[in-house]
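In what follows, a single structure is set out as structure tokens and then discussed.
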Amino acid sequence: MKCIFCQIVSGEMPGDILLQNEHICAFRDIHPAAPKHVLIVPNKHIASTEDISNADRDVAAELILAVKEVAKLEGISKSGYRIISNCGSHGRQEVKHLHIHVLGGAPMKHRLG
Ligand code: 5GP
Ligand code: ZN
């Protein structure tokens, strides 16, 4: 059984997709934690940052480059935003498919955490 983000990437499950290319897909979080909340994921199933290998170099670069594209599409490039990637149990990662959260549209309440 494919994971939920693999299903969104493949189109088997609906997702509010903003951007998709050969390596990555960006879609809106179903439970937004900020006025603008987008998730950027690799198309390929990689469980977390711990599972990125040297062979994934292009995917890793595309994930970071997509942040800027998403910010532009969401109109938050100038106002700013935060990116977060939760990993494992202490990182409180819930979906075990690597993703970068892009949060913006209002000032963050805390500097970190
Ligand atoms: P994590 O805690 O793993 O870093 O974050 C997982 C995120 O995925 C959460 O913010 C959650 O709201 C989001 N999420 C979980 N299931 C779905 C889904 O089916 N569709 C979308 N778009 N987001 C989801
Ligand atoms: Zn997956």
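Hey, can you tell me all the residues within region 81-113 that are loosely packed, with under 12 Cβ neighbours inside 10 Å and over 18 Å from Arg28 (Cβ atoms)? Those that are loosely packed, with under 12 Cβ neighbours inside 10 Å and over 18 Å from Arg28 (Cβ atoms): Ser89, His90, Arg92, Pro107, Lys109, His110, Arg111, Leu112, Gly113. Within region 44-62, the set of residues being part of a helix (DSSP H, G or I), surrounded by 15 or more Cβ atoms within 10 Å (Cβ to Cβ) and within 14 Å of ligand 1 (Cβ to nearest atom) comprises Thr49 only. When Asn86, Asn43, Asn54 are screened for being more than 21 Å from Phe5 (Cα to Cα) and of a type outside the set (A, V, I, L, M, F, W, C), only Asn54 passes. Scan region 5-43 for residues that are assigned to a strand (DSSP E or B), open to solvent by 30 Å² or more (accessible area, probe 1.4 Å) and closer than 13 Å to Leu103 by Cα and jot them down. Once the filter is applied, which keeps residues that are assigned to a strand (DSSP E or B), open to solvent by 30 Å² or more (accessible area, probe 1.4 Å) and closer than 13 Å to Leu103 by Cα, region 5-43 yields Arg28, Lys36.
The values are calculated or read from the model by the stated rules, or taken from the named source; none is laboratory data. All values derive from a computational prediction rather than experimental measurement. Note that each Cβ is placed from the backbone with ideal geometry, even for glycine, and that neighbours are counted across all protein chains shown. Surface accessibility is based on the protein's heavy atoms, side chains included, excluding ligands, DNA and RNA. Shrake-Rupley method; radii C 1.70, N 1.55, O 1.52, S 1.80 Å.
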